[in-house]
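Written below as structure tokens is the structure these notes are about.
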Amino acid sequence: MGKQMDMDRLDEEVIENRRRYETRRELYRSFGYDIEREREFILGIVRPVTGPVLEIGTGKGYMTVALARAGARLTSVDLSAEVQRMALLNLRHDGCAERARLEIANAEQLPYAAASFDLVITVNVLHHLARPRAVYEEMTRVVSSAGRIVVSDFSTYGLEVMDRILQSEGRRHDVGSGSLMEMREWLLADGFKVGLHRTSIQDTIVGVR
């Protein structure tokens with residue numbers, strides 16, 4: 001009986017978490033930002049998703065879910081257990097929790113061996129980073145010799161949209177020193193071939209050796 005009650009509570013939590021997501025998705029749309037369309041754009045760049053995948057910055061797990069649904073078996077790291085709890089609820093809602101391993105880890109000091117992943121991806125995290133170079137060095141360390149590094153972040157216009165969304169909620173959008181074009185230059189200097197893909201909201205680079 002106790003186990004069934006725990007499952008019922010979990011189901012309710014999954015449903016309530018999804019309701020909050022749908023509300024937020026509609027808010028974003030009202031400002032011209034379609035979350036799911038932008039994620040599909042990124043997935044179109046990285047497909048097919050094969051081999052071990054590392055996602056840096058789980059957040060609430062929206063990209064984690066998209067990658068899992070695309071067939072990835074992935075590890076996703078974040079500093080916050082609280083947001084990873086929400087990510088787990090999102091994974092459960094879509095029936096793909098078994099495809100993702102969520103771990104608390106600092107992207108500046110990843111607990112993984114060199115060349116462990118065929119795809120290292122981070123989405124809308126770069127502009128928050130205090131030490132982007134340290135994270136970059138870890139990404140290049142853990143990616144395999146034939147692997148890909150995918151870094152996607154808001155365009156200048158996308159950041160403006162996010163500012164307006166958060167201001168409407170009485171919040172601020174803190175931005176660090178991370179720059180996509182700077183990371184592109186680092187990849188090129190280290191011998192990667194780099195592709196650039198853009199929407200009005202999102203800029204994405206793909207580095208391959």
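Each Lys or Arg adds one and each Asp or Glu takes one away; over the other residues whose Cβ falls under 12 Å from the Cβ of Arg29, this sums to -2. For helix 2-30, what angle does its Cα long axis make with the longest principal axis of the chain, in degrees from 0 to 90 and rounded to 10? Compared with the principal axis, the helix lies near 60 degrees. Based on alpha-carbon centroids, what's the gap between the stretch 20-88 and the stretch 136-197 in Å, whole number please? Between the Cα centres of the stretch 20-88 and the stretch 136-197 lies a distance of 15 Å.
When semi-axes √(5λ) of the Cα gyration tensor in Å is calculated directly from the model, which label among (1) 35, 18, 14; (2) 28, 22, 15; (3) 25, 21, 16 fits? It is the one labelled (2). Over the chain, Cα pairs under 8 Å with separation of 6+ residues give a relative contact order of 18 percent. Carbon and sulfur together cover what percent of the accessible area of the chain at a 1.4 Å probe radius? Carbon and sulfur atoms account for 51 percent of the accessible area of the chain.
The tail of the calculated P(r) for the stretch 50-152 beyond 19 Å holds 36 percent of all Cα-Cα pairs.
Listed peptides 133-140, 33-40, 55-62 appear in the order 55-62, 133-140, 33-40 once ranked by packing, highest mean of other Cβ atoms within 10 Å at the front. Model label points for Arg9 and Ala134, set 7 angstrom from Cα along the Cα-to-Cβ axis, are 3.7 nm apart.
Stretching the chain fully between His173 and Arg209 yields a gain of 9.6 nm (0.36 nm per residue, less the alpha carbon separation). Compared with the dominant Cα axis of the chain, that is its longest principal axis, helix 156-168 is turned about 30°.
Computed from Cα atoms, the angle from the helix 81-93 axis to the main principal axis of the chain rounds to 70 degrees.
The values are calculated or read from the model by the stated rules, or taken from the named source; none is laboratory data. Computed from a predicted structure; not experimentally measured. FYI the Cβ positions are ideal-geometry reconstructions off the backbone, even for glycines, and counts take in every protein chain you see. Accessible surface areas use protein heavy atoms only, side chains included; no ligands, DNA or RNA. Shrake-Rupley method; radii C 1.70, N 1.55, O 1.52, S 1.80 Å.
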